[in-house]
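To start, the structure under review is shown below, and the notes come after it.
The values are calculated or read from the model by the stated rules, or taken from the named source; none is laboratory data. A quick note: this is a predicted structure, and the numbers were derived from the prediction, not measured. When we count neighbours, we look across all protein chains shown, and the Cβ atoms used for this are built from the backbone with ideal geometry, even at glycine.
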């Protein structure tokens, strides 16, 4: 880790700027930094082009610290495993498998992280809440793991039920459901 910070000091890059470069390289959305500020700094130093894509100089700096990439990528992989394991095994009433291949889920999360900035805790809580909601109805009309993250509409636009459920978690609306009576009154 010390080698990374020594490298950043010699290149004149802040840890937040490196995090931005790393996030772009890995196709995820950076959290808890001022992205426009860091992007301007990285463009001025030649690490990003005018479109916000990594230049060869930017690629070089990110690839030079591959051990850091492996550790953080392992965290993402572990979180995707947690996400998939929340879904029931087998097929849904629609006939589709509830759990989709991990590679497809990784691609869906790359899209999701480019468009939304939710952290993994929120994503996992939202997923658990979604599945719990449909479990009461024997998973009738529930989307599989991939369509829950993103689904293409007929007009070629994309929707994310996961993003909607993340908002429910952030707004605390999942807590409201616990105050309703669940017993039948005769």
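Annotations
- Of all residues in region 119-138, those that are free of Cβ contacts under 8 Å to residues at least 12 places away in the same chain and assigned to a loop (DSSP other than H, G, I, E, B) total 2.
- Count of region 37-55 residues, restricted to those that are surrounded by fewer than 15 Cβ atoms within 10 Å (Cβ to Cβ) and either at pLDDT below 90 or at positive phi (or both), is 5.
Okay, residues lined up against (1) in a helix (DSSP H, G or I); (2) over 25 Å from residue 88 (Cα atoms); (3) modelled with pLDDT of 85 or more; (4) not assigned by TED's automatic domain parsing to the domain that holds residue 133:
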position	(1), (2), (3), (4)
148	yes, no, yes, no
156	no, yes, yes, no
164	yes, no, yes, no
167	yes, no, yes, no
174	yes, no, no, no
185	no, yes, no, yes
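- Of all residues in region 87-118, those that are part of a loop (DSSP other than H, G, I, E, B) and without any contact (Cβ under 8 Å) to a residue 24 or more places away in the chain total 4.
- Test set (1) in a helix (DSSP H, G or I); (2) without any contact (Cβ under 8 Å) to a residue 24 or more places away in the chain; (3) in the same structural domain as residue 148 (by TED's automatic domain parsing) - residue 84 fails condition number: (2)
- Residue under evaluation residue 43, criteria (1) out of contact with any strand residue (DSSP E or B) (no Cβ under 9 Å at 6 or more places or on another chain); (2) part of a helix (DSSP H, G or I); (3) within 26 Å of residue 118 (Cβ to Cβ); (4) not assigned by TED's automatic domain parsing to the domain that holds residue 122, criterion not met: (3)
- Residue, nearest to the chain's Cα centre (by Cα), within region 2-36, restricted to residues that are exposed (fewer than 13 other Cβ atoms within 10 Å of the Cβ) and in a loop (DSSP other than H, G, I, E, B): 32
- Scanning region 84-106 for residues being loosely packed, with under 15 Cβ neighbours inside 10 Å and within 20 Å of the chain's Cα centre (by Cα) gives a total of 6.
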